[in-house]
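Chemist: For reference, the structure I am asking about is given below.
The values are calculated or read from the model by the stated rules, or taken from the named source; none is laboratory data. All of these numbers come straight from a predicted model, not from anything done at the bench. No Cβ is skipped: glycine too gets one built from the backbone with ideal geometry, and neighbour counts run over all protein chains shown.
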Amino acid sequence: MRRNYRVTLTAAAALTLAATAMGVQTASAAPAKETSPTVAASPCGWYTVLSRASYNHCGTGNVVIFVDRLNIGGIRDYEQCVTPGDHYLGSWPDFQGAWYAGKTC
């Protein structure tokens, strides 16, 4: 019985070696990748999170955005040049919206 066990082990080792030499991948246990919590990307354009109003320019190059304010007490809407990425505008509801003005800067 012991002899059959050795023959089986030798045959298994030979098959593994032959498969490796031929480039066949064998199944093996690999360490699991460490996962990190994913953070949701900001949406493109104007968005609010709680009372924070922001604009995320997802394109390339600088663009002009039109910023819509609440217009109380003489506060005016305005245009602003933004670079690619996230930009904090101010507190909502004072900042009502923002959108691409069709111009580069």
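Chemist: For region 83-105, name all the residues that are over 24 Å from the mean Cα position of the chain (by Cα) and of a type in the set (Val, Ile, Thr).
Modeler: 104
Chemist: Looking only at region 81-105, count every residue that is β-branched (Val, Ile, Thr) and over 12 Å from residue 67 (Cα atoms) and tell me the total.
Modeler: 2
Chemist: What residue, among those in region 53-72 that are over 21 Å from the mean Cα position of the chain (by Cα) and part of a loop (DSSP other than H, G, I, E, B), is farthest from residue 43 (Cα to Cα)?
Modeler: 72
Chemist: Of the residues 96, 80, only one is part of a strand (DSSP E or B), modelled with pLDDT of 95 or more and surrounded by 12 or more Cβ atoms within 10 Å (Cβ to Cβ); which?
Modeler: Just one listed residue meets the conditions, 80.
Chemist: Can you pull out every residue in region 83-93 that is at negative phi, surrounded by 12 or more Cβ atoms within 10 Å (Cβ to Cβ) and part of a strand (DSSP E or B)?
Modeler: Within region 83-93, 86, 87, 89, 91 qualify.
Chemist: For region 60-89, enumerate the residues that are touching a Lys or Arg at 6+ places or on another chain (Cβ under 8 Å), under 20 Å from residue 50 (Cβ atoms) and not aromatic (Phe, Trp, Tyr).
Modeler: The answer is 69, and nothing else.
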